[in-house]
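This report refers to the structure that appears directly beneath it.
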Amino acid sequence: MYLVHARFRIASPAGVPDLLTELARQSLRVDDGVEHLSVHPHPPHQFTLGFYLLSQSLRDAEDHARRVCIRLLADAHWLPPTRLLSVGVPLVPPALLDE
């Protein structure tokens, strides 16, 4: 299982929707393969979606999360104009890997 973060920026002056977590989860499809979705709003105009995905490789997980994000941006009419900034596995400091 991989945790993939997708960072977004909402066009100003709109802010992060109050029901972002609920609406993003409702936008997922069964075949998306997302085991869990976490949402981290970063006011005033950014948020991060954390996708927990079962995948064969890191690259496959990132590619899959990117496809889900692109579809989300195209289909989520509840979302103000938003741009996908990045998709990738968050980096873990080497010190944490040694523990």
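The values are calculated or read from the model by the stated rules, or taken from the named source; none is laboratory data. Since the model is a prediction, treat every value here as computed from it, not as a measurement. Heads up, the Cβs are rebuilt from the backbone with ideal geometry, glycines too, and the neighbour counts pull from every protein chain shown. With ligands, DNA and RNA removed, areas are computed over all heavy atoms of the protein, side chains included. Shrake-Rupley method; radii C 1.70, N 1.55, O 1.52, S 1.80 Å.
Here are the numbers for the structure shown:
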read-out: Rounded to 10°, Cα long-axis angle of helix 58-75 versus longest principal axis of the chain; value: 10
read-out: Relative contact order [Cα under 8 Å, 6+ residues apart], the chain, whole percent; value: 43
read-out: Within a Gaussian network of the chain (alpha carbon springs, distance under 10 Å), most fluctuating of LEU79, LEU19, LEU28; value: LEU19
read-out: Rotationally averaged projected area of the chain (alpha carbon convex hull; nm²); value: 6.9
read-out: Fluctuation leader among PRO43, PRO17, PRO80 - the chain, Gaussian network, Cα springs under 10 angstrom; value: PRO43
read-out: Heavy-atom surface of the chain, accessible at 1.4 Å and reported per residue (Å²); value: 63
read-out: Separation in nanometres of the label points that stand 7 Å from Cα toward Cβ, at ILE70 and ARG9; value: 2.1
